[in-house]
4 protein chains.
Amino acid sequence: MQIAVVGGGVCSPEVRDMAHRLGRLIALHGHILICGGLGGVMEAACCGAREAGGLTVGILPGERQQANSCVGIAIATGMGHARNVIIVMSADAVIALPGELGTLSEMALALKMNKPVVSLDSWDVCGALKAKDPEEALELLDRIDLGLDQQGQR
Amino acid sequence: MQIAVVGGGVCSPEVRDMAHRLGRLIALHGHILICGGLGGVMEAACCGAREAGGLTVGILPGERQQANSCVGIAIATGMGHARNVIIVMSADAVIALPGELGTLSEMALALKMNKPVVSLDSWDVCGALKAKDPEEALELLDRIDLGLDQQGQR
Amino acid sequence: MQIAVVGGGVCSPEVRDMAHRLGRLIALHGHILICGGLGGVMEAACCGAREAGGLTVGILPGERQQANSCVGIAIATGMGHARNVIIVMSADAVIALPGELGTLSEMALALKMNKPVVSLDSWDVCGALKAKDPEEALELLDRIDLGLDQQGQR
Amino acid sequence: MQIAVVGGGVCSPEVRDMAHRLGRLIALHGHILICGGLGGVMEAACCGAREAGGLTVGILPGERQQANSCVGIAIATGMGHARNVIIVMSADAVIALPGELGTLSEMALALKMNKPVVSLDSWDVCGALKAKDPEEALELLDRIDLGLDQQGQR
């Protein structure tokens, strides 16, 4: 699966740690990590995935030089906020960490496109699943991937 | 001013009526109406503005043929949801009527870009002003345009 | 019709004069002028149309502040070169004046989208019609609009 | 390096074979292959790279389902022709095989962005280097990467 991680370009050490663990788990589950390629949550998630041997894709608002150091494949869109649409559209599922209005717009777009969205301490948008930690977020997505519902029933 | 009206592509008769009155007011105030160019709120607002002699711009997700009959200038983006970014970015202010997740993503983007956003019975996003009817929405924007704050003080 | 004028952002006085006359003619024929909204050919064409009472639309690579002073409706895309696609896609026909590689890419895209393209001393791309002056360019487009071929036969 | 391969979505067996060999070489040189993700030249290049163990990225005009079977990472833009800008902007260099007007527009954009462009039996655009086969195309790019000019001098 291609999993998008969205969240603030600036974040607290706690959120950074959570994003790092999430990126690591995404890689260990064999998924490709997609994100906006900048700092904060995006960088921490990329580095977590990279350190675990995973593949990371940064879909950047501008040029490739903007990419954080853990982006493996840098997609330069030159399209500013419109790149958020590409992040969401390229993902099988979206995991949202704390972030501001850009994060909210990505969650809304993903739900509109009928993509599974998991909120990890992020915005509370109707239709998004909630997870208490990265482990639970991945579990939720693995169940969706297997065609199970949230109670573990097919 | 270029004012964007966002809201559902399908809507109730009450919302349609409100959008029509809003479009009319926008035109009577001498503003240009920008919208997504499709049906529902967009169509009603365009027709209200058009009937009052105003200029209407539809920024479409696909081809020009998608434009409702009251769009004066049809901008065909072929970019799907990414056209929402263009609508917001081209506006001096955004007025949101009832709509679903696409509307929420537009409000979030507009606030992120520091544009004034007025909610007319739409999503309750922190930072958006609330108006009870189209008249109040326009009044709020005219004050902003004059550099007055919401209490009428400069 | 919505007619796109494409060409260099910087140009010689002769080309500037030709673009100005072209813009004027587009307005006098009752067409809407669409362009990239910046300087050079775009500005001269906009000003020609504006002075003749026409409607001008500038589809900008960045923010609205980039628009030349004769743009009536400014569409801010924030999408850099990708805005070229929107210019072409929004036009019934494209008239190309001298320009560099951006102009060539717009002519190629327009031909790919099966839009009529008239070259006024611009790139020689297979499929583009050639006109010796703005008058002939408009005549060619009016014939297309009437469903006549280039020999004046239906 | 991230190298973009552009060319027709439909092609002859000879061009298909050339694209396949080119993809293979790009992978063997350790580069990432970027393309439009569809059929013809894009598919053949992706499959050549994939079979040699390389990484392939398809930047699609629409949904992920459009990707050819050899695309490793599928970026769904939903932006039609505007995705061409992203392909070019994400590449360190562009290699063009035979193709139609879409290919021409990509070559023109790449040259406008000052990216090295190598033409392999494709359009003859001023500024593009010419190579007679995939081996020579890669050699030209490796020299550029090393900061050598085309005569092998630094």
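Pairs meeting the criteria (first residue in segment D:109-124 and assigned to a loop (DSSP other than H, G, I, E, B), second residue polar (S, T, N, Q), beta carbons under 8 Å, at least 6 apart or on different chains) are D:S122/D:T103; D:W123/D:T103. Within segment A:128-143, restricting attention to residues that are in contact (Cβ under 8 Å) with a residue 24 or more places away in the chain and part of a helix (DSSP H, G or I), the residue that is nearest to A:E14 (Cα to Cα) is A:P134. In segment D:132-141, the residue that is modelled with the highest pLDDT out of those that are touching a strand residue (DSSP E or B) at 6+ places or on another chain (Cβ under 6 Å) and buried (at least 21 other Cβ atoms within 10 Å of the Cβ) is D:A137. I'd like to know if segment A:42-50 contains one or more residues that are charged (D, E, K, R), farther than 30 Å from B:T77 by Cβ and more than 9 Å from every other protein chain (Cβ to nearest Cβ). Within segment A:42-50, one or more residues are charged (D, E, K, R), farther than 30 Å from B:T77 by Cβ and more than 9 Å from every other protein chain (Cβ to nearest Cβ). Scanning segment D:1-15 for residues that are buried (at least 21 other Cβ atoms within 10 Å of the Cβ) and out of contact with any strand residue (DSSP E or B) (no Cβ under 8 Å at 6 or more places or on another chain) returns D:G8, D:C11, D:V15. Of all positions in segment B:67-75, none carries a residue that is part of a loop (DSSP other than H, G, I, E, B), within 14 Å of chain A (Cβ to nearest Cβ) and without any contact (Cβ under 8 Å) to a residue 40 or more places away in the chain. Figure legend. Inter-residue proximity from segment A:38-49: first residues free of Cβ contacts under 8 Å to residues at least 12 places away in the same chain, second residues in a loop (DSSP other than H, G, I, E, B) and of a type in the set (D, E), beta-carbon distance below 9 Å, spacing 6+ or different chains. No pairs are indicated. Return the residue satisfying two criteria in turn: it lies in segment A:95-115 and is in contact with an Asp or Glu (Cβ under 9 Å, 6 or more places away or on another chain) and surrounded by fewer than 21 Cβ atoms within 10 Å (Cβ to Cβ), and of such residues it is nearest to A:L22 (Cα to Cα). Here the residue is A:P98. Selection over segment A:87-112 of residues that are within 14 Å of chain B (Cβ to nearest Cβ), closer than 21 Å to A:R50 by Cβ and touching a Ser or Thr at 6+ places or on another chain (Cβ under 6 Å) gives a count of 1. Would you mind stating whether B:G23 is buried (at least 23 other Cβ atoms within 10 Å of the Cβ), modelled with pLDDT of 95 or more, assigned to a loop (DSSP other than H, G, I, E, B) and under 15 Å from the mean Cα position of the chain (by Cα)? No. Any chance you could count how many residues in segment B:29-66 are assigned to a strand (DSSP E or B) and among the small types (G, A, S)? Summing the residues that are assigned to a strand (DSSP E or B) and among the small types (G, A, S) in segment B:29-66 gives 1.
The values are calculated or read from the model by the stated rules, or taken from the named source; none is laboratory data. As the structure is a computational prediction, the values presented were derived from the model and not from experiment. Neighbour counts run over all protein chains shown; Cβ positions are idealised from the backbone, glycine included.
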